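Here is the structure we will look at, set down as structure tokens.
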Amino acid sequence: MMFPREDDTWFDDAAGPIARPYTITGGRTHAGNIDLQLLSLVVALPGLAEAATMAPEYARIVRLCQRPLSVAEVAAHLDLPVPIVKVLLADLIERGHVIYRTSQPLSDTPDQHVLQAVLDGIRRL
Amino acid sequence: MAFAGSEPRRNVSATVVKLLIAGGFGVGKTTMVGSVSEISPLRTEESITQASAGVDDLTGVESKTTTTVALDFGRITINPELILYLFGTPGQDRFWFMWDELAQGALGAVVLADTRRLESCFPAVDFFERRGLPFVVGVNCFDNAYRYGTEEVRAALELDDTVPILLCDARDRESTKQVLAILMQHVMANAALARR
């Protein structure tokens, strides 16, 4: 639903920011079956040395994700739109270079221990 | 998670929670995020290609057709197993459909109000009321802004008596901490009621 369809046509400004990033993904706009959300945590398994052997966009992600980051943070650091970052991350996940966890959907009544921990954490800041 | 027991640094098992900071354009949402975030507020762009059709005829700050919406956010690592993200909601009304996705899984929200243009936070108040998401109202005290009392703001916004409302300074870390702490207490009270 969030992704442009193939038969969409872009002109002028509408084409500008979108067209170039999608060349990075080879025109792909879907992350396959991998359900990445804005706040899914991702972390790279290869270290910095291995990253040097990868294609530049993947190498940047692997270098960034030496500690757990959300998809939103990866996108912000790479200065790329979220949907494109999802495609790149999905590639890395399929190759076993990145592991991820979808943020668990919170129920209508969130766990009181989690809420208390958030409150305590804010007070400690 | 299969990898959870391995190297802690590469652990993705942490619980992720989010709070929203909403309010009109230019009210200080990103400033508030930045006052407590451990990272400088980051900006990311989410695609709204299809949903944007037909809503751009509203009179807005920008007249140009856009296919993405910018989100500003910050992060507070409470402990290695619990990460809090603060998301600033897009300022323009025409992005209301993004809020639905943003609001999913959010614990609660701060509606930042500017007394010089109180009406700019009506859409946020309406949205959270309809969605049943707990929220508090922070009246951002800008320099030289005309000061109203919190009860005057409550009456103007037609807020329920149960909705906490307080004066704040979005630039000030202690002030933002206070707003967020009151929000969390409100969220916990709501959760306790729902559990009965």
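Here B:E81 fulfils each of the conditions (1) surrounded by fewer than 20 Cβ atoms within 10 Å (Cβ to Cβ); (2) free of Cβ contacts under 8 Å to residues at least 24 places away in the same chain; (3) under 30 Å from A:V43 (Cβ atoms) apart from (2).
Residues in region B:82-119 that are within 9 Å of chain A (Cβ to nearest Cβ) and not β-branched (V, I, T): B:L82, B:L84, B:Y85, B:F87, B:E101, B:L102, B:Q104, B:G105, B:A106, B:L107. Taken together, the residues in region B:168-187 that are outside any helix (DSSP H, G or I) and touching a helix residue (DSSP H, G or I) at 6+ places or on another chain (Cβ under 6 Å) amount to 4.
Yes or no, residue by residue, for (1) surrounded by 15 or more Cβ atoms within 10 Å (Cβ to Cβ); (2) at pLDDT 90 or above; (3) in contact with a Pro (Cβ under 9 Å, 6 or more places away or on another chain):
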| residue | (1), (2), (3) |
| --- | --- |
| B:L20 | yes, yes, no |
| B:G24 | yes, no, yes |
| B:S40 | no, yes, no |
| B:T49 | yes, no, yes |
| B:T59 | no, no, no |
| B:V69 | yes, no, yes |
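The set of residues from region B:71-81 being over 15 Å from the mean Cα position of the chain (by Cα), more than 7 Å from chain A (Cβ to nearest Cβ) and at pLDDT 95 or above comprises just one member, B:T77. Note on region B:165-190: among residues that are small (G, A, S) and within 20 Å of B:I76 (Cβ to Cβ), the one that is farthest from the other protein chains (Cβ to nearest Cβ) is B:A170. Tell me yes or no: at least one residue of region B:116-138 is in a helix (DSSP H, G or I), under 29 Å from B:E101 (Cβ atoms), basic (K, R) and in contact with a Gly (Cβ under 9 Å, 6 or more places away or on another chain). Yes.
Are there helices (runs of 4 or more DSSP H) fully within region A:31-125 with at least 3 residues that are within 12 Å of another protein chain (Cβ to nearest Cβ) and of a type in the set (A, V, I, L, M)? List them. Here the list reads A:71-78, A:82-94, A:112-124. Tallying residues that are in contact with a Cys (Cβ under 8 Å, 6 or more places away or on another chain), small (G, A, S) and over 23 Å from B:K18 (Cβ atoms) within region B:150-185 yields 0.
The values are calculated or read from the model by the stated rules, or taken from the named source; none is laboratory data. Here the structure is a predicted model, which is why all the values come from computation and not from measurement. A quick note on method: Cβ atoms are made from the backbone with ideal geometry, for glycine too, and the neighbour counts reach across all protein chains shown.
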